[in-house]
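Below you'll find the structure, written out as structure tokens, and then a few comments.
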Amino acid sequence: MQKVQFRFYLFLVFVITFFAGPFLWQVITSLKPASELATLPPVLPSNPTFENYASVFKERPFLRVVLNSFIVATSTAFLSIGIGSLAAFALAKLEMKGKSVVLLLVLSASMFPSISIVAPLFVLLRALHLRDTLFALIFTYTVFALPFTIWVLTGFFKSIPNEVYLASRVDGCTVFQSFYRIVLPLSAPGLFSTAILVFIFSWNEFLFALVFTATVASRTAPVEIALFPGIHEVPWGEMAAASVVVTIPVVVLVFLFRQRIMEGIIMGAIKG
């Protein structure tokens, strides 16, 4: 028994190190002065400093791009949940033909790789004079997040007994009233966990943000970090500091709402 427990804890340490190791390494690198960044073998900083963090915010428009990322990610999450919940409710609770086909099409739409449609989207956004705007990113991210949102929320809504929905209809609720008064409150954990996953996707997305933005006015944090290197040098310390700043909000978000996320996952797993 003790041997099994030892192996389990050893495996647990390995998993934690594997996933948390890169982030911890970035934290260590961000605290090193420039003279220690290339030290071999790499060790903990002898004189920890926050000059890399100060440089990121003083010499670069990093606060602006972080705000852009927040606006885009938050807007995408709200739009995806708002539109996706309506579609998922129709697929889960309303009597309609071809629901299985629609769900299959939704799942198929989520399988298209981003790189395959980036060029047509670029042409479309440029023709509509939307390139280099936050709306272009919000629109694109919402389109890509909707298939996932609809698919997941359909499962959550199916977990609610039909008797509950039908009882609300018998009591005089319209279809929409049954949706927002009964189904949405009962599906709150699922809605919350899905919104967080969509937020994280939008916060970390790089390809579309790189192609569709050209100025700081609409640039997001991942793209700004990628543009840190100059012609003759790579500011590893500043890049590490910026990476830590961008990662911390996601870590805090997941940590604070981990219970809600787990409730949502469990709720979707036991759908009837």
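For the reader, a short list of remarks on this structure follows.
- Pair list, Cβ under 6 Å, 6 or more apart: segment 234-258 residue closer than 18 Å to residue 61 by Cα and touching a residue at least 40 places away in the same chain (Cβ under 8 Å), other residue of a type in the set (Ser, Thr, Tyr) and surrounded by 13 or more Cβ atoms within 10 Å (Cβ to Cβ): 238/55; 240/29; 240/30; 241/30; 241/53; 244/30
- Per-region count, segment 117-142, residues free of Cβ contacts under 8 Å to residues at least 24 places away in the same chain, farther than 21 Å from residue 80 by Cα and part of a loop (DSSP other than H, G, I, E, B): 2
- Residue that is modelled with the lowest pLDDT, among those in segment 176-203 that are closer than 26 Å to residue 247 by Cβ and among the polar types (S, T, N, Q): 193
- Inclusion of residue 223 among residues that are modelled with pLDDT of 80 or more, in the same structural domain as residue 66 (by TED's automatic domain parsing) and out of contact with any helix residue (DSSP H, G or I) (no Cβ under 9 Å at 6 or more places or on another chain) is not warranted.
- Scanning segment 39-97 for residues that are within 20 Å of the chain's Cα centre (by Cα) and charged (D, E, K, R) gives a single hit, 64.
- Summed over segment 70-102, residues that are over 16 Å from residue 200 (Cβ atoms) and either in contact with a Phe, Trp or Tyr (Cβ under 7 Å, 6 or more places away or on another chain) or among the basic types (Lys, Arg) (or both) total 6.
- Residue 61 out of contact with any Cys (no Cβ under 7 Å at 6 or more places or on another chain), without any contact (Cβ under 8 Å) to a residue 40 or more places away in the chain and surrounded by 12 or more Cβ atoms within 10 Å (Cβ to Cβ): no
- Reported count of residues in segment 1-58, each being in contact (Cβ under 8 Å) with a residue 12 or more places away in the chain and among the acidic types (Asp, Glu), is 1.
- Qualifying residue in segment 66-87 (condition: outside any helix (DSSP H, G or I) and either of a type in the set (Lys, Arg) or surrounded by fewer than 19 Cβ atoms within 10 Å (Cβ to Cβ) (or both)): no
- Considering segment 88-116, and only residues there that are charged (D, E, K, R) and part of a helix (DSSP H, G or I), the residue that is surrounded by the fewest Cβ atoms within 10 Å (Cβ to Cβ) turns out to be 99.
- Residue check, residue 165 farther than 21 Å from residue 217 by Cβ, surrounded by 18 or more Cβ atoms within 10 Å (Cβ to Cβ) and in contact (Cβ under 8 Å) with a residue 60 or more places away in the chain: yes
- Subset of segment 204-219 (residues that are in contact with a Phe, Trp or Tyr (Cβ under 8 Å, 6 or more places away or on another chain) and in a helix (DSSP H, G or I)): 208, 211, 212
- Filter result (at pLDDT below 95, in contact with a helix residue (DSSP H, G or I) (Cβ under 8 Å, 6 or more places away or on another chain) and among the aromatic types (Phe, Trp, Tyr)) within segment 63-115: 89
- Taken together, 179, 199, 148, 192 contain a single residue that is of a type outside the set (S, T, N, Q), assigned by TED's automatic domain parsing to the domain that holds residue 100, in a helix (DSSP H, G or I) and within 20 Å of residue 109 (Cβ to Cβ), which is 148.
The values are calculated or read from the model by the stated rules, or taken from the named source; none is laboratory data. These figures come from a predicted structure and were not determined experimentally. Here Cβ is always computed from backbone atoms with ideal geometry, including for glycine, and neighbour counts include all displayed protein chains.
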